[in-house]
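Engineer: Quick one: this structure, given as structure tokens, is what I'll be asking you about.
No lab work stands behind these numbers, since they all come straight from the coordinates. In this text, all values refer to a predicted model and were calculated from it rather than measured experimentally. Here the Cβ positions follow ideal geometry from the backbone for every residue, glycine too, while neighbour counts run over all protein chains shown.
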Amino acid sequence: MTGPRPTAQVLVVGAGPAGSTAAYHLARQGIEVALLEKSGFPREKVCGDGLTPRAVRHLVRMGVDTSAPGWSRNRGLRFVSRGVTLEVDWPEGHSFPGYGLTRTRHDFDQLLAERAAAAGAVLHTGTKVTAPLRDAAGRITGVSAACGPDGAARDFSAPVVIAADGVASRLGLAMGVTRLGKRPVGTAVRRYYRSPAKHQDPYLESWLDLRRADGQILPGYSWIFPLGDGRVNVGLGVLNDSRTGTTDVRAMLAPWLERTPGEWGLHGEEQADGPLRGAALPMGFNRLPHYHQGLLLIGDAGGMVNPCNGEGIAYAMEAGELVADLVPQALSRPAGPSRERVLERYPREIATRLGRYYRFGRVFSSLMARPLFTSLVTRNAVRSPVVMGAMVRLLSNLSDRPGADAVDHLVNTLVRVFPRDKELTGRPS
Ligand SMILES: Cc1cc2nc3c(=O)[nH]c(=O)nc-3n(C[C@H](O)[C@H](O)[C@H](O)COP(=O)(O)OP(=O)(O)OC[C@H]3O[C@@H](n4cnc5c(N)ncnc54)[C@H](O)[C@@H]3O)c2cc1C
């Protein structure tokens, strides 16, 4: 090989859940990884801080001790809708642990990044990637970055680059990977409150009947997630849909909180801890292709938030794990077509795992924008423990495959009805 020695075998851009998971699993296999993160830790990330059993499974695979201090366990979801309250425990299947967790992203992301570093990845914080480096054929060979407080320019090179740089994915954009306008996108806001009454609630609470001031029912939900440290994370997320028009999500939080009982401490400013913050939720694979010219996109960079429930962490970690399975195989082959064939398997593997489910999710999210369907869910379904138990498995993607019981079979059959997304594999749909 000519030219300077590459910085690493793999560059991972962004140390959120996607990037740190990929870096951890790669480093564990002896791959030289440089993990580039623009911020320093700890740092804020706007999130609901809620982890379903699907996300917990990935933490367990990273050797994280979820019984250690700092984690708050939950046993399921509590739905509140039009005067009805229903608690549904997480399913006790064989693929997922029977509990969820919460932890603020302030801690959570640092913990994952530290695990990646302990496994051998070299973590460069304060390193903002500014542009891809490309060869004559347009293939990515590395990145330029602005490092440290003075923004000193530095180039990093590697035969494989992973974009885990979140919803804006400037790296993906710079490589020509664009957003697909027709895919669902949500907008969500959250705020922390001190709430002695709710901070140790054993359930994640979700209010389903979201209405705008003009009475319009909205596709989405609001939440109160207990953090176990005296605080709760409250927020709401809405799917952007042309049928419901523009919604000022930030303006909706305070009126909704006024509906909660006064003793929960969620009215007004007094108990608030920090400002209201919001961000977009890129759903249903809204940025494609997931592999392009040497660049693999994972997590929010690839639009991987579940369109059914707005959960993104589990899928970011899942994609991180998947690339860490494939990349060592690719690197074991000589640069050129044979390595390329392995890397090109990534979009196909993602399509196999999630293509049908996200296709279903896109249909579901579009139905949720129809008042009749929303009304059916928020008025009728929420009264039935059996229906809501099945909904939790379906919308949180928690059924065992192959199915362990009749509900799993039902959920899996429903998802199988939806054809796999051909766009995911790079072929026209
Ligand atoms: C209000 C709200 C509530 C949510 N609630 C939940 C929830 O309760 N549960 C859940 O599972 N999901 C939730 N999500 C979604 C979840 O936050 C994301 O899906 C998840 O963070 C995606 O992880 P990621 O690693 O792909 O991206 P990110 O977490 O965004 O991480 C990207 C990283 O890349 C870094 N970066 C960006 N650009 C550069 C650059 N140029 N150079 C170097 N580094 C860079 C960033 O600093 C960041 O550390 C919520 C989202 C919002 C907006």
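Engineer: Please sort 301-310, 411-420 by packing, taking for each peptide the average over its residues of neighbouring beta carbons within 10 angstrom, highest first.
Structural biologist: Packing order, densest peptide first, comes out as 301-310, 411-420.
Engineer: If I model a spin label at Ser366 and Ser338 as a point 7 Å from the Cα along the Cα→Cβ vector, what separation in nanometres do I get?
Structural biologist: About 4.4 nm, to one decimal.
Engineer: Would you work out which of Leu86, Ser365, Ala27 lies farthest towards the positive end of the dipole of the chain? Charges go on Cβ: Lys and Arg +1, Asp and Glu -1.
Structural biologist: Projecting each Cα onto the dipole axis, the largest value belongs to Ser365.
Engineer: While we're looking at this one, here's another question. Taking 0.36 nm per intervening residue step and subtracting the Cα-Cα distance, what contour gain separates Val417 from Leu276 on full extension?
Structural biologist: Extra length from Val417 to Leu276 when fully extended: 46.7 nm.
Engineer: Between Leu133 and His106, how high is the FRET efficiency from 1/(1 + (r/R0)^6) when r is the Cβ-Cβ distance and R₀ = 41 Å? Nearest 0.05.
Structural biologist: With a Förster radius of 41 Å, E is 0.80.
Engineer: Rounded, prolate or oblate: pick one for the chain, where a ≥ b ≥ c are the square roots of the eigenvalues of its C-alpha gyration tensor, a/c under 1.5 means rounded, and failing that, prolate if a/b is larger than b/c, else oblate.
Structural biologist: Note, shape of the chain comes out prolate.
Engineer: Shifting gears a bit: So how far, in whole Å, is the C-alpha centre of region 330-344 from the one of region 17-81?
Structural biologist: One Cα centre to the other: 29 Å.
Engineer: Using modelled amide H (1.01 Å from N, peptide plane; none on Pro or chain starts), what sits under 5 Å from the amide H of Leu281, excluding residues fewer than 5 places away?
Structural biologist: The answer is Gly186, Thr187, Ala188.
Engineer: Could I ask something else about it? Let me check I've understood the local charge: for Pro69, count other residues with C-beta under 14 angstrom from its C-beta, Lys and Arg +1, Asp and Glu -1. What total comes out?
Structural biologist: -1
Engineer: Assuming a ≥ b ≥ c are the square roots of the Cα gyration tensor eigenvalues, decide whether region 360-425 counts as rounded (a/c under 1.5), prolate (otherwise, with a/b larger than b/c) or oblate.
Structural biologist: Cα axes put region 360-425 in the oblate bin.
Engineer: Right, next: Whole Å is fine, so just give me how far the alpha carbon centre of region 175-212 lies from that of region 135-173.
Structural biologist: After rounding, the separation between the Cα centres reads 30 Å.
Engineer: Let me have the 222 nm mean residue ellipticity of the chain computed from DSSP H runs of 4+ only, each contributing -39500 (n - 2.57), with the sum over all residues rounded to the nearest 500.
Structural biologist: -8500 deg cm²/dmol
Engineer: Please list the non-local residues whose amide H lies under 5 Å from the amide H of Gly76, H modeled 1.01 Å from N, same-chain partners needing a gap of 5 or more.
Structural biologist: Sorted by chain and number, the residues that satisfy this are Trp90, Gly100, Leu204.
Engineer: Taking the chain as a Gaussian network, Cα atoms linked when under 10 Å apart, which of Gly215, Gly237, Gly120 shows the biggest mean-square fluctuation?
Structural biologist: Sorting by GNM fluctuation, first place goes to Gly215.
Engineer: How much net charge surrounds Gly126 when only the other residues with a Cβ under 13 Å from the Cβ of Gly126 are counted, with Lys and Arg +1 and Asp and Glu -1?
Structural biologist: Counting the neighbours of Gly126, the net charge comes to +2.
Engineer: Please tell me the relative contact order of the chain in percent, rounded to the nearest whole number, where contacts are Cα pairs under 8 Å and at least six residues apart.
Structural biologist: Across the chain, relative contact order equals 19 percent.
Engineer: Let me ask something else about it. Name the shape class, rounded, prolate or oblate, that the alpha-carbon gyration tensor gives for region 185-282, where a ≥ b ≥ c are the square roots of its eigenvalues, rounded holds for a/c under 1.5, and otherwise prolate holds if a/b is larger than b/c and oblate otherwise.
Structural biologist: Prolate is the answer for region 185-282, as a/c is 1.5 or above and a/b outweighs b/c.
Engineer: Turning to a different aspect of this structure: Could you go through region 375-388 in sequence order and give the Karplus-derived ³J(HN,Hα) for each residue, using 6.51 cos²θ - 1.76 cosθ + 1.60 with θ = phi - 60°, rounded to whole Hz, and x for Gly and Pro?
Structural biologist: 5, 4, 6, 7, 9, 9, 4, 5, 7, 10, x, 5, 5, 5
Engineer: Which of the listed residues, Pro226, Val417, Leu208, is farthest toward the dipole's positive end in the chain, when Lys, Arg count +1 and Asp, Glu count -1 at the beta-carbon?
Structural biologist: Value computed over the given set: Val417.
Engineer: Okay, moving on. Compute the relative contact order of region 123-277 as a whole-number percentage, counting only Cα pairs closer than 8 Å that sit 6 or more residues apart in sequence.
Structural biologist: That works out to 19 percent.
Engineer: Students often get this wrong, so check it: of Lys128/Lys198; Lys38/Lys182; Lys38/Lys198, which have C-alpha atoms separated by over 32 Å?
Structural biologist: Too far apart for the 32 Å limit: Lys128/Lys198; Lys38/Lys198.
Engineer: State, as an integer percentage, the relative contact order of region 207-270 based on alpha-carbon contacts under 8 Å between residues 6 or more apart.
Structural biologist: The value is 21 percent.
Engineer: Here's a follow-up. Output the antiparallel fraction of DSSP beta bridges having both residues in the chain, as a percent to the nearest 5.
Structural biologist: Among the beta bridges of the chain, antiparallel pairing accounts for roughly 75 percent.
Engineer: Rounded to the nearest 20 Debye, what is the dipole magnitude of the chain about its Cα centre when Lys and Arg each give +1 and Asp and Glu each give -1 at the C-beta?
Structural biologist: Dipole magnitude for the chain comes out near 1220 debye.
Engineer: I need the phi-derived Karplus couplings for region 48-65: 6.51 cos²θ - 1.76 cosθ + 1.60, θ = phi - 60°, integer Hz, Gly and Pro marked x.
Structural biologist: Each residue's phi maps through the Karplus curve to give x, 6, x, 10, 7, x, 5, 6, 4, 3, 6, 5, 4, 5, 8, x, 7, 7 Hz.
Engineer: On full extension of the chain, what length is gained from Arg379 through Ala168, given 0.36 nm per residue of separation minus the C-alpha to C-alpha distance?
Structural biologist: Full extension from Arg379 to Ala168 adds 72.3 nm.
Engineer: Continuing with the same structure: Select from Met62, Asn306, Leu180 the residue farthest towards the positive end of the dipole of the chain; place +1 on Cβ of Lys and Arg, -1 on Cβ of Asp and Glu, and compute about the Cα centre.
Structural biologist: In the chain, that residue is Leu180.
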